[in-house]
Amino acid sequence: MTSSNAFGFTQIVDPHEITDELKQTLVGCWTEVSNAGGAAGFPFPPVDAAEVTAALDRIMSRSRGYAT
């Protein structure tokens, strides 16, 4: 039996490839996962989009530093 789904995997190796749409998707995902009790790296849920966005921006800034 063959099955297919809409999920795919894309590896981003350059932080400049992260679009605003992808960034908002990541923020939404990490916020939902953290507030549901998942391990997304935030020790004190609940978190809001502003807190998660700040963390993502720090991660992206560090990654840009490594890429240059």
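The values are calculated or read from the model by the stated rules, or taken from the named source; none is laboratory data. None of the values given here were measured: they were computed from a predicted structure. When we count neighbours, we look across all protein chains shown, and the Cβ atoms used for this are built from the backbone with ideal geometry, even at glycine. Just so you know, the surface numbers come from the protein's heavy atoms only, side chains and all, with ligands and any DNA or RNA stripped out. Shrake-Rupley method; radii C 1.70, N 1.55, O 1.52, S 1.80 Å.
So, in the stretch 31-56, of the ones that are open to solvent by less than 60 Å² (accessible area, probe 1.4 Å) and assigned to a loop (DSSP other than H, G, I, E, B), which residue ends up modelled with the lowest pLDDT?
Here is the first cut: in the stretch 31-56, the ones open to solvent by less than 60 Å² (accessible area, probe 1.4 Å) are 31, 33-34, 38, 40, 42, 47, 49, 52-56.
With assigned to a loop (DSSP other than H, G, I, E, B) added as a condition, the list becomes 38, 40, 42, 47.
Working: Gly38: 89, Ala40: 82, Phe42: 86, Val47: 94.
Per the criteria, the residue is Ala40.
Consider Gly28 against the criteria (1) modelled with pLDDT of 85 or more; (2) surrounded by 15 or more Cβ atoms within 10 Å (Cβ to Cβ): it satisfies all of them except one. Which criterion is unmet?
In the conditions (1) modelled with pLDDT of 85 or more; (2) surrounded by 15 or more Cβ atoms within 10 Å (Cβ to Cβ), Gly28 misses (2) alone.
Which of the residues that make up the stretch 7-25 are assigned to a helix (DSSP H, G or I) and surrounded by 10 or more Cβ atoms within 10 Å (Cβ to Cβ)? Walk me through it before giving the result.
Filtering the stretch 7-25 for residues assigned to a helix (DSSP H, G or I) gives 15-17, 20-25.
If the condition is that a residue be assigned to a helix (DSSP H, G or I) and surrounded by 10 or more Cβ atoms within 10 Å (Cβ to Cβ), then Pro15, His16, Glu17, Leu22, Lys23, Gln24, Thr25 are the ones that fit.
Note down all Cβ pairs under 6 Å where the first residue falls in the stretch 25-48 and is within 15 Å of Ile59 (Cβ to Cβ) and without any contact (Cβ under 8 Å) to a residue 40 or more places away in the chain, the second is part of a loop (DSSP other than H, G, I, E, B) and open to solvent by 50 Å² or more (accessible area, probe 1.4 Å), and they're at least six residues apart or on different chains.
So the pair list comes out as Ser34/Pro45.
Gly28 passes all but one of (1) small (Gly, Ala, Ser); (2) part of a helix (DSSP H, G or I); (3) more than 10 Å from the chain's Cα centre (by Cα); which number fails?
For Gly28, the failing item is (3).
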